[in-house]
Number of protein chains: 2
Amino acid sequence: MKVLIVEDDKILSDTVKQCIENDYSVEQAFDGYEGYMFAKENIYDVIILDLMMPEMNGYELLTKLRSQNILTPVLILTAKDSTEDKVKGLTIGADDYLVKPFEREELLARLEALIRRNNGFFVSDTIDFKDLKLNLKNRKAFIGDKEILLQGKQFDLLEYLIRSKNTIITKEQIFDKIWGFDSDTSTNVIEVYASGLRKELKKYGYDKYLKTLRGVGYILSD
Amino acid sequence: MKVLIVEDDKILSDTVKQCIENDYSVEQAFDGYEGYMFAKENIYDVIILDLMMPEMNGYELLTKLRSQNILTPVLILTAKDSTEDKVKGLTIGADDYLVKPFEREELLARLEALIRRNNGFFVSDTIDFKDLKLNLKNRKAFIGDKEILLQGKQFDLLEYLIRSKNTIITKEQIFDKIWGFDSDTSTNVIEVYASGLRKELKKYGYDKYLKTLRGVGYILSD
DNA sequence: AGAAAATTTAAGATTTTTTTAAGAATGCAA
DNA sequence: TTGCATTCTTAAAAAAATCTTAAATTTTCT
């Protein structure tokens, strides 16, 4: 993760650098113009920006970046603590605004939050078992690049099996998970659905991974 | 733009609401559990979250949301002003942290920054799905260069579908997003609108992309 | 106020999913 | 190996969800 510090006060810039250099690879620019030249490379994960600087001030720099579609997250770090300044900074395109003096931990936490948001939190929307993939966003299932069609609870059952892959799940667990413990359906439905699921999986030879353990339950495993 | 305020102090919640209701459509939850129930609908553009609350505190609520891949931007608004609290909040998934008492303008500016970052900087006034384009400014819809005529909520429904293209949206989400969770209309209206929408789309063969997933919801996908 | 438009209700038709049920197949233990 | 219990498989029946209209109601606009 690369961070650019744009700050004309050398001592302060170094202080900030020390705060974060354990976690990030840091570059420093010491006036607005230099900061702009670095920033427009568009290679940073965050920019820490001072407002009062020679050559080009922070507002101008930020405005210029945004107008050129450089959307690197920007955290303004400044002594200017008026609401007016904060509003101005945030309005022209900053993502956060922190007033000096600041605490090291808060700066780090805010940087982390900006980066996290920008890189996408990324929790996957798919789960898989070998080449079998379930997309939970659209409830589609694929083996390799062939789609297998699963209706309603067939998908739910396969999802549960994949989430529990390589561990046994009992019929009772399946029933409580998918039908709800208060359902008054006979547990034979599970066999019906397992059967239907196997029939689909068989088309691609995947039925062999869904095993029945008599008197115990089912397991999806290789 | 929809904002959810989760705050147990009714008076304070209303104050915040007044601050922002000119700019956003606001819903309020008055304890952590209620907040969670609302937030997990995943229909808000920002959540303003208090920390100290009965039932489930803000940290727990936020953690639970993120663990369920609900990535709505969260701004923590609280009286707790220690660095420790700020760090904790930001670390577990908040995007910003503002301490009470706060200035109305700063809150608005920070919300704006969060939304801007989340929606992609340039708020386009058109969205599309294949050759289907919606102009959000004048609320007109086109397939190729032919206009399709959509009345009020038909347009809203199609907009929501396009914004969520290739992702399933449940009837509940649609209902809460377009009608508001406190509406006392029957969810059958959704079917009525979906039906009307399909009838329009059918003129250009686009009805086939709007699929019903029984017991689950709707999806616009190819 | 009256007309037009949008929204909601309601009810029957249609479609799909879920459940039942019964015979066939399978595995296990005596 | 035989007999019993469990599981598999099918197809039909039942239930549930959704679709589609059209009429009733509400809202908006003139």
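What follows draws every value from the coordinates through simple rules; no lab data is involved. Bear in mind the structure is a predicted one, so any value in this text is a computation, not a measurement. FYI the Cβ positions are ideal-geometry reconstructions off the backbone, even for glycines, and counts take in every protein chain you see.
Within the protein assembly as shown, what percent of beta bridges assigned by DSSP are antiparallel, to the nearest 5?
50
Going 7 Å from the Cα of A:Thr91 in the Cα-to-Cβ direction, what parts of the stretch B:100-139 have a backbone nitrogen less than 16 Å from that spot?
Backbone N within reach: B:103-114, B:116.
Could you list log10 I(q)/I(0) for the stretch A:126-220 at q = 0.16, 0.17, 0.18 Å⁻¹, which the Debye formula gives when each Cα is one point scatterer?
-0.62, -0.70, -0.78
Any idea what the dipole of the stretch A:74-196 comes to, in debye rounded to 20, about its Cα centre with Lys/Arg Cβ at +1 and Asp/Glu Cβ at -1?
340
Would you pull out the residues with amide H under 5 Å of A:Gln28's amide H, same chain only if 5 or more places away, H placed 1.01 Å from N?
Result for A:Gln28 returns A:Ile5.
Specify the inter-centroid distance of the stretch A:159-222 and the stretch A:67-90, based on alpha-carbon positions, in whole Å.
55
Just name one of A:Leu12, A:Pro101, A:Gly89: the one whose Cα is farthest towards the positive end of the charge dipole of the stretch A:2-118 (beta-carbon charges, Lys/Arg +1, Asp/Glu -1).
Of the candidates, A:Gly89 comes out farthest on the positive side.
Residue by residue through the stretch B:71-84, what is 3J(HN,Hα) from phi via Karplus (6.51 cos²θ - 1.76 cosθ + 1.60, θ = phi - 60°)? Round to whole Hz and write x for glycine and proline.
These are the phi-based 3J(HN,Hα) values: 10, 3, x, 10, 10, 7, 10, 8, 8, 5, 10, 6, 4, 4 Hz.
Could you check the simple spin-label distance between A:Leu12 and B:Thr15, using points 7 Å along Cα→Cβ, in nm with one decimal?
According to this spin-label approximation, the distance is 3.2 nm.
A:Asn138 label points, 7 Å along Cα→Cβ, one per copy: pairwise distances from this copy to the rest in nm, shortest first?
Result for A:Asn138, in nm, nearest copy first: 3.2.
Just need the Rg to Rh number for the protein assembly as shown, please, alpha carbons only, Kirkwood Rh.
My calculation of the ratio gives 1.02.
Please compute, for peptide A:107-117, the average count of beta-carbon atoms on other protein chains lying within 10 Å of each residue's beta-carbon.
Partner-chain Cβ atoms within 10 Å, mean over residues of A:107-117: 5.
Beyond 21 Å between alpha-carbons counts as too far, so tell me which of B:Lys146/B:Lys202; B:Lys146/B:Lys203; B:Lys2/B:Lys202; A:Lys171/B:Lys64; A:Lys137/B:Lys17; A:Lys40/B:Lys130 fall in that bin.
Violating the 21 Å limit, Cα to Cα: B:Lys2/B:Lys202; A:Lys171/B:Lys64; A:Lys137/B:Lys17; A:Lys40/B:Lys130.
With charges only on Cβ, +1 for K and R and -1 for D and E, what is the dipole size of the protein assembly as shown about its Cα centre, in debye, rounded to 20?
Rounded to the nearest 20 debye, it is 2860 debye.
Can you run phi through the Karplus equation (6.51, -1.76, 1.60; θ = phi - 60°) for the stretch A:100-105 and list ³J(HN,Hα) in whole Hz, with x for Gly and Pro?
Per residue, the Karplus-derived 3J(HN,Hα) values read 7, x, 10, 9, 3, 5 Hz.
Please give every one of the aspartates and glutamates within straight-line cross-link reach of A:Lys177, meaning a C-alpha to C-alpha distance under 13 Å, and leave out same-chain neighbours fewer than 8 residues apart.
Those aspartates and glutamates meeting the cut-off are A:Asp156, A:Glu159.
Set the Förster radius R0 to 60 Å, insert the Cβ-Cβ distance between A:Phe102 and B:Arg198 as r into 1/(1 + (r/R0)^6), and round the FRET efficiency to 0.05.
About 0.60, to the nearest 0.05.
Would you mind ranking A:Val74, A:Val216 by Cβ crowding within 10 Å, fewest neighbours first?
A:Val216, A:Val74
Could you compute the FRET efficiency for B:Glu60 and B:Asp145, with r as their C-beta to C-beta distance and R0 at 51 Å, rounded to 0.05?
0.45
Round to the nearest 0.05 the FRET efficiency obtained for A:Gln173 and B:Asp207 when R0 = 35 Å and r is the Cβ-Cβ distance.
0.30
Give the Cα extents of the stretch A:2-118 along the principal axes, in whole Å, largest first.
Cα extents, longest axis first: 32, 31, 29 Å.
Using a label position 7 Å from Cα in the Cα→Cβ direction, what is the ascending list of nm distances from A:Asp184 to the same site in the other copies?
With the label placed 7 Å along Cα→Cβ, A:Asp184 yields 3.2 nm.
From the label point of B:Met37, set 7 Å along Cα to the beta carbon, how far off in nm is each other copy's matching point, shortest first?
Label point to label point, same position, other copies: 6.0 nm.
Peptide A:93-102: average number of partner chain Cβ atoms within 10 Å per residue?
3
Between B:Tyr97 and residues 5 or more places away or on another chain, which pairs have amide H atoms under 5 Å apart, with H built 1.01 Å from N, and which residues are they?
Here B:Ile76 satisfy the definition.
For the stretch B:201-215, take each phi angle, set θ = phi - 60°, evaluate the Karplus expression 6.51 cos²θ - 1.76 cosθ + 1.60, and give the result in whole Hz per residue in order, putting x for glycine and proline.
Per-residue couplings from phi come out as 4, 4, 4, 10, x, 8, 5, 5, 7, 9, 9, 9, 10, 3, x Hz.
Relative contact order for the stretch A:126-222 using alpha-carbon pairs under 8 Å, separation at least 6, rounded to a whole percent?
Relative contact order here is 27 percent.
Residues of the stretch B:76-93 with the amide nitrogen closer than 14 Å to a label point 7 Å from the Cα of A:Leu136, along Cα-to-Cβ, please.
Counting only backbone N, you get no residues.
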